[in-house]
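Have a look at the structure below before the remarks.
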Amino acid sequence: MVSTADTNSCGIVPRLTQILRFRSKKGTLRAEAQPTDLFDVAFKKLTEDLPDIDPATITLATSPTGKQEPASRLLGKTVQKLGLNHGDMLFVSYTDSAPRAAVEAVTAETAPQMTAAHIRDATKQLPVDDYLEKQDGKIKRQLSALQQRKFGSRGMGEDTLPVDPWDEEYLKEQKIKHMSYHAYVKKLNSQANKKNGGGYIAPLNVSDFGVSKSCTGAHAPWPEGICSRCQPSAITLQSQPFRMVDHVEFAESGMINSFIEPWRQSGTQRIGWMYGHYEPYELVPLGIKAVVEAIYEPAQSGEYDGITITEITQADGQPQPPHIATAEACGLVPLGVIFTDLVDAGNGDGSVICKRHADSYFLSSLEVAFAGAMQARFPNKSRWSPTSEFSSKFVTAVISGNPKGEIDVSCYQVSEQCEAMARADLIEPSINPSVLLVKEATKTRYVPDVFYKKNNEYGRTVLQGANPQLPVDYMLVTLTHGFPQDPRPLFSSGLSSFPVENRELIGVTQSPQALGKALDSGSAGGAVSNFHLLSYIQSMGVLSAEEFQLLAKVATEKKDEDVSRLVASEGWNNLLLIIQ
Ligand code: ZN
């Protein structure tokens, strides 16, 4: 049953489309391919039909009991060459693995056999990345002073040329300090992968400052042996021209007011995890904004000059903290961390001291080291990286005094180089907030030379050695932040409807009584639309996973039919009994 499909580009020779079948735990899937197509075409379809499966773990066999071969062995060969015919069935196996393990499987096990193009086509990114990479990002502009200068004298027609999303003059004019991540990828792609020219090269370069563990040199593996091939080369730090996230939007301003309440009442500092989602950000070409829908305050001991977090998130073997399960059920991802550094100015007018400015520091060396470690822990999935990961979208927000003495928010990321230094265990904070230390070499820690650029006393740019002292400015990337003009927060019940967690210090306690009061206070759907209330119910462990998922749906979508199903469920009725 070979069907004739579309003709080739000459329009003369008809080509034959074959159907290949794949049998997996999830049933039989089909993919079309021409005999002369690479097997990659069918494999891409398979991975699209199995979106939750890590492609690097997929193995294939020609019979149910046949030898399973890694899919990567079949890639790069034509369907014909592999001897596959129309209607052939391949038997698919794979392992359900955690995202982190998946990446290790890609890089360590199968990377040599997998092509850069295959990793590009098989990596699952965030929806916002899939959307933005399909946009060309060209800036269609009215005739501006900039364009008049650039093109005006060259006659008509050219003054309407669209500008690339990475155009330096445009970004400068718009006061955009860093180009967006997708503008950066497009810029690199335009340089690395010329249209119609040669094979595909992954444009992003992942910094790796550790000793290579797979060195083929004739010596014992590190730390017993090392050679010029496996030792990392010297690091030259540069201020990063791009940023992974451009803007942080707090879904409503009440969220910030609520978060600084413990400081107002006790004078101690506060830290929280920000949860939400990513969206395109229109004010920066191909930009991304992190939209914060909730701030969860983990167990912590706040002091006047700092905070200690007593909760460790996502530690192996530990029960999942309630906020992580709650965020997942609501479709939210961890966006970053937010903390206060507030000191009342003593003027009696609510003004605060401005500690962080151009002549002191914006993030302290301790905070930069922390941000580097957190970013390394929350890697960004990228189709444009040879390892399927590149940098991170995890942001760090600080609430402190601005130069006018007002309470203000500032948002940062640290550079991809800083993450790589954190991964290789090369940096540590110093007592000077504006200076990071490069760690000393030990038997098991190889420390390359680190340099950064500096203007000397003659105004010339010179390379400066950074072992051991490293200015934190080189690591920082600044983001903008704001609030929507027309707030439509995901959680609509209002923050005052239920106590925020871990605030015993200021006499605020979550309890079944408080929950009962909150549930009585509003409409069925509206009353539960509060992240803190959901996390509290999650921590009680009364609802089944399905019931909690339904509750999260009620809280975020507020549909009557879901409310009826929830009210009729066993778990919900048990919960009501406990409250009474
Ligand atoms: Zn070596």
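Is it the case that some residue within region 257-279 is within 16 Å of the ligand (Cβ to nearest atom) and either within 23 Å of TYR412 (Cβ to Cβ) or open to solvent by 30 Å² or more (accessible area, probe 1.4 Å) (or both)? Steps first, please.
Within region 257-279, the subset within 16 Å of the ligand (Cβ to nearest atom) is none.
No; the residues of region 257-279 include none that is within 16 Å of the ligand (Cβ to nearest atom) and either within 23 Å of TYR412 (Cβ to Cβ) or open to solvent by 30 Å² or more (accessible area, probe 1.4 Å) (or both).
Out of the residues in region 222-239 meeting the condition of being open to solvent by 20 Å² or more (accessible area, probe 1.4 Å) and within 8 Å of the ligand (Cβ to nearest atom), tell me which one is nearest to GLU279 (Cα to Cα).
Here is the first cut: in region 222-239, the residues open to solvent by 20 Å² or more (accessible area, probe 1.4 Å) are 222-224, 226-229, 231, 233-234, 236, 238-239.
The next check asks that each one be within 8 Å of the ligand (Cβ to nearest atom); those that pass are 222, 226-229, 231.
Details: TRP222: 43, ILE226: 45, CYS227: 45, SER228: 44, ARG229: 42, GLN231: 40 Å.
Ranking the candidates gives GLN231 first.
Of the residues SER180, SER190, only one is more than 16 Å from the ligand (Cβ to nearest atom) and under 21 Å from TYR412 (Cβ atoms); which?
Details: SER190 fails: under 21 Å from TYR412 (Cβ atoms).
Going through SER180, SER190 in turn, the sole match is SER180.
Go over the candidates PHE250, PHE242, PHE209 one by one and state the one that is of a type in the set (Phe, Trp, Tyr), open to solvent by less than 40 Å² (accessible area, probe 1.4 Å) and within 16 Å of the ligand (Cβ to nearest atom). Show your work before the answer.
Values: PHE250 fails: within 16 Å of the ligand (Cβ to nearest atom); PHE242 fails: within 16 Å of the ligand (Cβ to nearest atom).
It is PHE209.
Does region 446-467 contain any residue that is surrounded by 15 or more Cβ atoms within 10 Å (Cβ to Cβ) and closer than 25 Å to MET274 by Cα?
The answer is no; no qualifying residue exists.
What are the pairs, 6+ residues apart or on separate chains, where a residue within region 202-221 that is farther than 11 Å from THR387 by Cα and in contact (Cβ under 8 Å) with a residue 40 or more places away in the chain has its Cβ under 9 Å from a residue that is within 8 Å of the ligand (Cβ to nearest atom) and open to solvent by less than 50 Å² (accessible area, probe 1.4 Å)?
VAL211/CYS230; SER214/CYS230
Considering (1) on the phi < 0 side of the Ramachandran plot; (2) open to solvent by less than 30 Å² (accessible area, probe 1.4 Å); (3) among the hydroxyl-bearing types (Ser, Thr, Tyr), say which one SER388 fails and leave the rest.
Only one criterion is unmet by SER388, namely (1).
Could you grab the pairs with beta carbons closer than 8 Å, sequence gap of 6+ or different chains, first residue in region 300-316 and assigned by TED's automatic domain parsing to the domain that holds ILE399, second one part of a strand (DSSP E or B) and modelled with pLDDT under 80?
Close Cβ pairs (under 8 Å, with a partner that is part of a strand (DSSP E or B) and modelled with pLDDT under 80) amount to GLN300/ILE307; GLN300/THR308; GLN300/ILE309; SER301/ILE307; SER301/THR308.
Being open to solvent by 10 Å² or more (accessible area, probe 1.4 Å), touching a residue at least 24 places away in the same chain (Cβ under 8 Å) and assigned to a strand (DSSP E or B), is that true of even one residue in region 348-366?
no
The values are calculated or read from the model by the stated rules, or taken from the named source; none is laboratory data. Computed from a predicted model, the values in this text were never measured in an experiment. Positions of Cβ are backbone-derived with ideal geometry, glycine not excepted, and every protein chain shown enters the neighbour counts. To get the accessible areas, we keep the full protein, side chains included, count just its heavy atoms, and leave off ligands, DNA and RNA. Shrake-Rupley method; radii C 1.70, N 1.55, O 1.52, S 1.80 Å.
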